[in-house]
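The values are calculated or read from the model by the stated rules, or taken from the named source; none is laboratory data. Computed from a predicted model, the values in this text were never measured in an experiment. Using ideal geometry, Cβ is built from the backbone for each residue, glycine included, and neighbour counts are taken over all protein chains shown. Areas reflect the complete protein model, heavy atoms only, side chains present, ligands, DNA and RNA absent. Shrake-Rupley method; radii C 1.70, N 1.55, O 1.52, S 1.80 Å.
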Amino acid sequence: MCIRDSHRTIAALIGAALMMVISYTIGTIDPAYHIISFERAIASIDMNVIFLLMGMMIIVGVLKHTGVFQWCAYFAYKLARGRVFLLAVYLMIFTAVASSFLDNVTTMLLLTGVAIEICVSLSLNPLYLLIPLVLASNVGGTATLIGDPPNIMIGSYAGLTFMDFVKALALICGVATIALIIMSKLIWGKAYSAAKVENVDEYINELKEEYKITDPSLLKYGLGVLAFCVFLFLTHGYWHMEVSIAALMGASIMLTIGVVSGKVDLIELIEKDIEWPTLMFFIFLFIIVGAVESTGLLAIIADAILHLSKGSFVAACALIIWVAAIMSAFVDNIPFTATMLPIVAYLSQVIPGAGNTLWWALALGACFGGNGTIIGASANVVTMGIAESRGYRITFGGFMKTAFPYMILSVLIAHAWLLIFRP
């Protein structure tokens, strides 16, 4: 867990506690200051989001014991056979797909070390590979309901299914990934061409030994359980089942297999792999947003946006996607998304022909916007932090110089997509 995560958890805790203390002290004397009741605060917590995150954390926590992520990096190098740009393409695609179903922070945590070692062997600055990988992870996470926290929150609040997200966002995320590949070639193409390894076959054998599957049987069971979870994700709308139920079922099966076989330490997994500060942050954040909504402030903001857009779908879509993108580049997209949920819900109801498109504008803006700066997404912070600990530091401006133009490009593509196709 990075320091940024602990700071935001503490801030959310203070805010939620303060709201309730004011409500039950000053609010008891003067009802005008009764912001939110304890019952309303508890009802504001979206347990579907909390349980989904917890379930996926457990699944990833068990899977990482198999070494499958590191093996995939080795396999990408084997396929590329020393051709660095091809290696970057394979890894970007793998990262985007993995981040669609797993936490992108965990994906980057497990891939970053391997990517750095491969780059060092190729005499390539690891940042030239890590930056496109982390950008790909944020784009890939946008494609599904479970890929990124803003999507989880939007899906749960708006009652959108896993397949709703896939149908509306997967293709545009694929287009954004292709744009990233082209942009990477233009920016780092010369560096990729100059990088090389003397003996490709020998290095492939070295990687094969160092990054092999450490537990094939656990991986077999784990992939089977993950496939079962994905099936439930794809069909949860038919069963009228919340996606968190699928995640918790998969987590319980995988955890049982790991613990009974003696391959997973239950206490260690609970302590290290379940990101409790993140879950606490969500709980307190939901209480704060519930309190702010109770005051009527969000309704005022929604009315202001409606007035500014003059009831036009085109104007409202532009406002939501671009404000979300710019804000998410500089502040945490999770509280921003939480604040925008009731606002977008209201606008979707009152603007003729809006349908679900404004929800997709919020999702694309919040997730793609995280690529804008080094602090825009947790995956950015974690990946660049690991790189710096290995001696490869990049400044805020250095990251933004490459990432921000790509963020603008990807949001432009997404905006055009929404206006043309109105998914």
*Of the residues that make up the range 274-286, is at least one within 26 Å of the chain's Cα centre (by Cα) and assigned to a loop (DSSP other than H, G, I, E, B)?*
yes
task = Check the range 34-50 and report whether any residue there is part of a helix (DSSP H, G or I), out of contact with any Leu (no Cβ under 7 Å at 6 or more places or on another chain) and closer than 30 Å to Leu111 by Cβ.
result = yes
Contact list, first residue from the range 150-165 and surrounded by fewer than 21 Cβ atoms within 10 Å (Cβ to Cβ), second anywhere and β-branched (Val, Ile, Thr), beta-carbon distance below 6 Å, six or more apart or interchain, is Ser156/Val49
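Rundown of residues vs (1) within 16 Å of the chain's Cα centre (by Cα); (2) open to solvent by less than 20 Å² (accessible area, probe 1.4 Å); (3) under 22 Å from Tyr392 (Cα atoms), yes/no style:
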site: Gly27; (1), (2), (3): no, yes, no
site: Tyr74; (1), (2), (3): no, yes, yes
site: Phe101; (1), (2), (3): yes, no, no
site: Cys119; (1), (2), (3): no, yes, yes
Counting only helices (runs of 4 or more DSSP H) entirely within the range 346-423, those with at least 2 residues that are of a type in the set (Gly, Ala, Ser) and over 27 Å from Ile301 (Cα atoms) are 378-389, 396-421
Is one or more of the residues making up the range 122-130 surrounded by fewer than 24 Cβ atoms within 10 Å (Cβ to Cβ), in a helix (DSSP H, G or I) and out of contact with any Ser or Thr (no Cβ under 7 Å at 6 or more places or on another chain)? yes
Of the residues in the range 209-221, those that are closer than 22 Å to Val114 by Cα and either of a type in the set (D, E, K, R) or open to solvent by less than 50 Å² (accessible area, probe 1.4 Å) (or both) come to Glu209, Glu210, Tyr211, Lys212, Ile213, Asp215, Leu218, Leu219
In the set Leu133, Leu109, Leu145, the lone residue that is within 26 Å of Ile172 (Cα to Cα), part of a helix (DSSP H, G or I) and open to solvent by less than 10 Å² (accessible area, probe 1.4 Å) is Leu133
**Request:** Taking Thr395 as the residue in question, decide whether it is surrounded by fewer than 16 Cβ atoms within 10 Å (Cβ to Cβ) and either at pLDDT 90 or above or under 19 Å from the mean Cα position of the chain (by Cα) (or both).
**Result:** yes
When the range 121-143 is checked residue by residue, the ones that are under 13 Å from Phe94 (Cα atoms) and of a type in the set (S, T, N, Q) are Ser137, Asn138
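Test Ile301 against the stated conditions and say whether it is more than 24 Å from Ala361 (Cα to Cα) and either open to solvent by 10 Å² or more (accessible area, probe 1.4 Å) or not in a helix (DSSP H, G or I) (or both).
Working: more than 24 Å from Ala361 (Cα to Cα): no; either open to solvent by 10 Å² or more (accessible area, probe 1.4 Å) or not in a helix (DSSP H, G or I) (or both): yes.
No: the conditions fail for Ile301.
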In the range 171-201, anything over 18 Å from Ile116 (Cα atoms), part of a helix (DSSP H, G or I) and open to solvent by 40 Å² or more (accessible area, probe 1.4 Å) is listed as Leu171, Val175, Ile178, Ile182, Lys185, Leu186, Ile187, Lys190, Asp201
When restricted to Ile204, Ile257, the only residue over 26 Å from the mean Cα position of the chain (by Cα), touching a residue at least 24 places away in the same chain (Cβ under 8 Å) and under 19 Å from Met54 (Cα atoms) is Ile257
Taking the range 256-293 and the residues there that are open to solvent by less than 40 Å² (accessible area, probe 1.4 Å) and of a type in the set (Val, Ile, Thr), the one that is nearest to Pro149 (Cα to Cα) would be Thr278
